[in-house]
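Notes for the one structure printed next.
Here, each number is a calculation from the coordinates, and none is a lab measurement. From a predicted model like this one, the values you see are computed outputs, not experimental measurements.
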């Protein structure tokens with residue numbers, strides 16, 4: 001069997017040039033954060049500039065926390081996003097509505113918060129982004145955790161691993177959880193909201209050197 005490698009999403013981009021550089025380095029998806037309390041929050045205009053500048057092979061993912069269907073679709077259409085990540089307590093019905101709009105929909109589930117991994121069957125998402133669920137923000141909060149807890153989850157569902165990943169630990173994290181994709185934000189930053197391209201390059205290199213041999217990886221992005 002040929003070696004296969006997890007896909008890579010770099011999340012929380014705030015600059016067009018940085019997003020393009022991430023794509024050039026090998027990112028499969030770029031995340032635009034619309035959560036107002038996040039240090040990575042961006043305006044619709046910046047998100048649109050990022051999404052329209054990316055190569056067609058790189059997915060533009062809008063990250064939303066407890067938005068309504070109408071508000072999500074307004075941003076999707078204006079910013080020209082290709083996918084949606086729901087990172088709050090959104091309903092399974094919202095996922096269905098968004099999928100009817102021909103969007104890829106990713107739903108965040110949490111090991112220590114709601115909704116939990118046990119709720120996966122209720123959601124018809126293309127993949128599940130899993131992280132610990134502790135901290136002040138609805139995100140990884142730069143905290144490494146026991147990634148081995150979700151290995152069996154990934155045997156049943158398309159899995160995006162997130163939370164506390166860095167260039168230094170991502171190889172270990174992948175070996176413990178065997179995800180289909182990995183998602184990183186603060187772990188490749190110099191300051192909140194500004195990506196460090198040396199760290200991005202190191203992260204992507206590490207993932208590209210970490211094959212998963214015992215699993216047929218699903219295409220997430």
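Can you pull a Stokes-Einstein diffusion coefficient for the chain at 37 °C (0.692 mPa s), Rh from Kirkwood over Cα pairs, as a whole number of µm²/s?
D = 193 µm²/s.
How much length is gained on full extension from residue 176 to residue 68, taking 0.36 nm per residue of separation minus their Cα-Cα distance?
On the way: separation 108, 0.36 × 108 = 38.88 nm, distance 3.53 nm.
In short, 35.3 nm is gained.
Roughly what % antiparallel, to the nearest 5, for the DSSP beta bridges in the chain? Can you show the working numbers first?
On the way: 3 of 35 bridges.
The answer is about 10 percent antiparallel.
Would you mind calculating the gained length between residue 17 and residue 148 on full extension (0.36 nm times residue separation, minus the Cα-Cα distance), in nm to one decimal?
Length difference between fully extended and current span is 43.7 nm.
For residue 78 and residue 24 in the same chain, what is the full-extension length gain: residue separation times 0.36 nm, less their Cα-Cα distance, in nm?
Values: separation 54, 0.36 × 54 = 19.44 nm, distance 2.45 nm.
Separation in residues times 0.36 nm, less the Cα-Cα distance, equals 17.0 nm.
Please work out the Cα center distance from the stretch 93-132 to the stretch 160-197, rounded to the nearest Å.
20 Å
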